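Since every read-out is calculated from the coordinates, none of them should be taken as a lab result. Since the structure is predicted, the reported quantities are computational estimates derived from the model, not experimental observations. Reconstructed Cβ throughout: ideal geometry from the backbone, glycine too, with neighbour counts over all protein chains shown.
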Amino acid sequence: MVIVMQAGATDEQIEAVIDRMVDMGFDVHRSTGVVHTVLGGVGGKTESDLSVFEVMDGVKEAHRIASPYKLASRSFRPQGTVVRAGPVDRSVEIGGNRVVMLAGPARVESRELLERSAEMAAQAGASLLRAGVFLRNDSPYGAEGPGERGLVLLRQAAERHGLLVVSEVIDHTEIPLVARYADILEVGSRNMQNFRLLDELGKQSRPVLLKRGIAATVEDLLLSAEHILAGGNYDVILSEGGIRTFETYTRYTLDLSAIPVVKKLSHLPILADPCQATGRRDKVPPMARAAVAAGADGVILEVHPDPDRALSEGAQALGPRQFVELTAQLRQIATAVGRSV
């Protein structure tokens, strides 16, 4: 259930509606917009009479939401959500007019690599430095990453170049450690339906980047986001990184149609990850350009000073010259669709 309060509704009127919703068994989530306050009710009695709320003082309208995701629904925040990450004096907004770039190597290899990668990212206009430190592989014999040492190096490189940090959380037990160093906590596609992890992230104050699973529908993605939102963390950013189809030329198929679909169904910002989807650096630029044209709020790009010698995912990483050329193209496309980079 969603209840929209009238413009100018008093705190007493809003609290009275909240109290009534709680009495009827709803968990209430409040969203304050520029004009209206919206109250989202989760749970409650399915036979609840909407007219009870429609006649209460200060109520503009009440709606029963049929979709299984209530808080992720566009009707909960019709104006859309802008996620602000980082400290106040140099925060980055995701979901606003600006198309943001997240860039960095697939994994933390060394201090020198991070320094050069951060320099590349900052010079090209990226806002966030991203790299993995807790890695899990399909093979049990693959390297697992440098752990906390990698987080320290990632934070130091980002600070030197005025960037924010994004890093993946693999398990709920790692949340406190990663949150100590990262401005945004990432949930990889393999963990999109790790509900224990999502529920714990719902209790955090850090924004969460939630990547779509390779076999997940858009509804599956929004339901996973609902787990985080229901815990009280409304700073959720979605990511489209490709789904598995019968096509084998690229790693996955980048579902660009998911971007406008999510924009219609949900208020949450959505990014695109053409590197993960294609697995090929020669296919990354055209898909990144298409994603911005389709309305993505940002792109995730793997960059490496020498991608042919990368220890992980070198085939999908952009080198310095390719990265600079692509960011210039993305600026032009963003301008053409009324946005900026």
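Among 16-29, 95-108, 53-66, how do they line up by average Cβ neighbours within 10 Å per residue, starting with the highest? Before the final figure, lay out each step's value.
Working: 16-29: 16.1, 95-108: 23.1, 53-66: 14.4.
Result, highest mean Cβ count within 10 Å first: 95-108, 16-29, 53-66.
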* Structure fact -> Cross-link reach from LYS264 to aspartates and glutamates, straight Cα distance under 19 Å and at least 8 residues apart if same chain, gives GLU219, ASP220, GLU226, ASP235, GLU240, ASP255, ASP297
* Asked: Hey, can you rank 193-200, 4-11, 118-125 by average C-beta count inside 10 Å, highest first?
  -> 118-125, 193-200, 4-11
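For the residues LYS264, LYS283, what sequence is obtained by ranking on other C-beta atoms within 10 Å, fewest first?
On the way: LYS264 8, LYS283 18.
With the fewest neighbours first, LYS264, LYS283 line up as LYS264, LYS283.
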* May I ask you to evaluate 6.51 cos²θ - 1.76 cosθ + 1.60, the Karplus curve with θ = phi - 60°, for each residue of the stretch 324-337 and list the ³J(HN,Hα) values in order in whole Hz, giving x for glycine and proline? => 5, 5, 5, 4, 5, 5, 5, 4, 5, 5, 4, 4, 5, 9
* Pop a pseudo-label 7 angstrom from the Cα along the beta-carbon direction at both SER51 and HIS172 and give the gap in nm to one decimal. => 4.3 nm
* Asked: Relative to the longest principal Cα axis of the chain, at what angle does helix 11-23 sit, 0 to 90 degrees, rounded to 10?
  -> 90 degrees
* Assigned charges on the beta-carbon of Lys, Arg, Asp, Glu; the chain dipole about Cα centre (debye) -> 920 debye
* Structure fact -> Which of GLU240, GLU93, GLU112 fluctuates most in a GNM of the chain (C-alpha springs under 10 Å)? That residue is GLU112
* **Reachable lysines from LYS263, criterion Cα separation under 16 angstrom, eight or more residues apart if same chain** => LYS70, LYS211
* At what distance in nm do the modelled label points of GLU325 and PHE246 sit from each other, each positioned 7 Å from its Cα along Cα→Cβ? -> 3.4 nm
